[in-house]
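Down below is the structure, laid out as structure tokens.
The values are calculated or read from the model by the stated rules, or taken from the named source; none is laboratory data. Keep in mind it's a predicted model, so treat the numbers as computed, not measured. When we count neighbours, we look across all protein chains shown, and the Cβ atoms used for this are built from the backbone with ideal geometry, even at glycine. Accessible surface is based on the protein model in full, side chains and every heavy atom, while ligands, DNA and RNA are left aside. Shrake-Rupley method; radii C 1.70, N 1.55, O 1.52, S 1.80 Å.
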Amino acid sequence: FLGRDYSLTDIVIGEKGQRMPVSARVYLDGAIAGIIGAAIVAILFLFVDAVTRLPLYTPTVLGHGLFVGAEDLASTESAEVSLKLALLYTWVHWLAFIVLGLIAARLLSLAKRDLSLALSILLLFFILEFGFVGTWFILAEPVLDELSWTMVLLGNLLAATGMAIYLQLRNPNRKVRP
């Protein structure tokens, strides 16, 4: 175990140094990438909320829009933060990012063989990114009135960048070129 050299892409399990199957590693990498993306967005909005409003304001507003209903969302600038709504939304937020990380890792593992799939993944990212903001505009416009949609886009871009960097570090031999 100690005498072997392992690359960054090897995951060693146990004392005998067995390697994890590739398919399991892909999904583990996806889950970790999703956690990284969720953490980046959560930290960004915790910082922004602490500087501009109240900490946990953003997940409270999003939780209110998701669980209570956006039509009931009056101006919440003077409202108190709801720890319950913030935690409920945070759970959904982390779960969604983990699922996106799993999908991204799986698609990237398939893209090794097909360049057009790699370009499709990039297109999918843009569709999902603008689909998120568009969905909130259609279904919960009052939520976006309370939040800065540019910060939402920035947070998602930073999360996607963090996830992509992690996945690239886990697969340094992957080269995707147009």
Exercise for the section: Being open to solvent by less than 40 Å² (accessible area, probe 1.4 Å) and either modelled with pLDDT of 85 or more or not β-branched (Val, Ile, Thr) (or both) is the filter here, so list the residues in region 65-78 that pass it. Expected result: Gly65, Gly69, Ala70, Leu73
Exercise for the section: Give the residue that is modelled with the highest pLDDT, with candidates limited to residues of region 1-38 that are of a type in the set (Phe, Trp, Tyr) and assigned to a loop (DSSP other than H, G, I, E, B). Expected result: Tyr6
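In region 49-71, how many residues are β-branched (Val, Ile, Thr) and more than 17 Å from His93 (Cα to Cα)?
2
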Practice task
Look at Leu100 and say whether it is within 21 Å of Leu154 (Cα to Cα), modelled with pLDDT of 90 or more and either of a type in the set (Gly, Ala, Ser) or assigned to a helix (DSSP H, G or I) (or both).
Solution key: no
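With the condition kept exactly as written, say whether any residue in region 161-178 is modelled with pLDDT of 80 or more, small (Gly, Ala, Ser), under 13 Å from Leu108 (Cβ atoms) and buried (at least 18 other Cβ atoms within 10 Å of the Cβ).
Checking region 161-178: not a single residue is modelled with pLDDT of 80 or more, small (Gly, Ala, Ser), under 13 Å from Leu108 (Cβ atoms) and buried (at least 18 other Cβ atoms within 10 Å of the Cβ).
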